[in-house]
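The values are calculated or read from the model by the stated rules, or taken from the named source; none is laboratory data. None of these values were measured; they are calculated from a predicted model. With ideal geometry, Cβ positions are generated from the backbone for all residues, glycine too; neighbour counts draw on all protein chains shown. In case anyone asks, the SASA skips ligands and DNA or RNA and just uses the protein heavy atoms, side chains included. Shrake-Rupley method; radii C 1.70, N 1.55, O 1.52, S 1.80 Å.
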Amino acid sequence: ADFAYDGDVVYHEFGHAMVARHYGVETQSIDLWALGGVARLDRESPTPRADGLIAVAGPAVSLLLGVVGLGASFALRSDVLFWVGFVNVVLAVFNMLPGAPLDGGRVLRAVRWARTGNKYRAMRDAGNAGRVLGWGMVGVGFVLMLNGQFGVFFMITGLFVALNARAEIMTSYVAEQLDG
């Protein structure tokens, strides 16, 4: 199952890379780690529209893999394909939560950038949404643990989201100062 998960994360990141290439943004690398992966792009998206479409491409690939996996699991009566499909649907839904550094946060950033015309303010808005989301996940995990349930994964994932959202906010300030 780990091999299937790793491969699916590669496909997810490849989705980002292919749409980025369409907009003239090249991918330097695709890095995988315990909580997912990241397609490292050589520069920022040229427009809010490109930013949003690049962001949504990964979850779209995950959702497609999930639907195909679930459909195949029912057709072939395969528990393995069911779990591959299920994990991909969960990956797509989780990634579309509206807070940086998740893909949904990138979509939020694109929407805010289009509305305000200021990509740095949009980065901070998405980062602040990510901080709220991340600390909320930490809280949910803590409550689960108090009730004797397994909440450690929620807490670790939430902490990851919150800290990376803070980094996004700090990056926006530095990038804004260096712009121009």
Take 12, 22 and sort them by solvent-accessible surface of the protein heavy atoms, 1.4 Å probe, largest at the top. 22, 12
With a 1.4 angstrom probe the carbon and sulfur portion of accessible area for the chain, in percent, totals 66
If one compares the long axis through the Cα atoms of helix 119-146 with the longest principal axis of the Cα atoms of the chain, the angle in degrees, nearest 10, works out at 40
So how exposed is residue 179, as accessible area in Å² (1.4 Å probe, rounded to 10)? 90
To the nearest Å², the heavy-atom accessible area per residue of segment 1-154 with 1.4 Å probe amounts to 56
Below 8 Å, C-alpha to C-alpha, sequence gap of six or more: please give me the relative contact order for segment 1-104 in percent. 25
Between residue 80 and residue 38, Cβ-based FRET efficiency (R0 35 Å, step 0.05) works out to 0.85
How big is the charge dipole of the chain about its Cα centre, in debye rounded to the nearest 20, if each Lys and Arg gets +1 on its Cβ and each Asp and Glu gets -1 on its Cβ? 580
Does segment 39-110 come out rounded, prolate or oblate by the C-alpha gyration tensor, with a ≥ b ≥ c the root eigenvalues, rounded set by a/c under 1.5 and, if not, prolate when a/b is larger than b/c and oblate if not? prolate
To the nearest 0.05, what FRET efficiency results for residue 135 and residue 31 with a Förster distance of 35 Å applied to their C-beta separation? 0.90
Dmax and Rg, reported as Rg then Dmax, of the chain (C-alpha, Å): 17.2, 58
Among 135, 83, 33, residue whose mean-square fluctuation peaks in a GNM of the chain (springs only between Cα atoms under 10 Å): 33
In nm, what is the difference between 0.36 nm times the number of residues separating residue 47 and residue 144 and their Cα-Cα distance? 30.8 nm
What is the spin-label model distance, in nm, from residue 152 to residue 21 if the labels are put 7 Å beyond Cα along the C-beta direction? 4.0
Value of [θ]222 nm, deg cm²/dmol, for the chain, DSSP H segments ≥ 4, -39500 (n - 2.57) each, nearest 500: -26500 deg cm²/dmol
Which residues make up the longest stretch of the chain clear of trypsin sites (Lys or Arg not before Pro) that lie in a DSSP loop with no more than 10 other Cβ atoms within 10 Å, not counting the sites? 78-180
Would you tally the net charge around residue 159, using a Cβ to Cβ cut-off of less than 12 Å, leaving residue 159 out, and scoring K and R as +1, D and E as -1? +2
Between residue 176 and residue 90, what is the spin-label point distance in nm, taking each point 7 Å from the Cα along the Cα→C-beta axis? 3.8
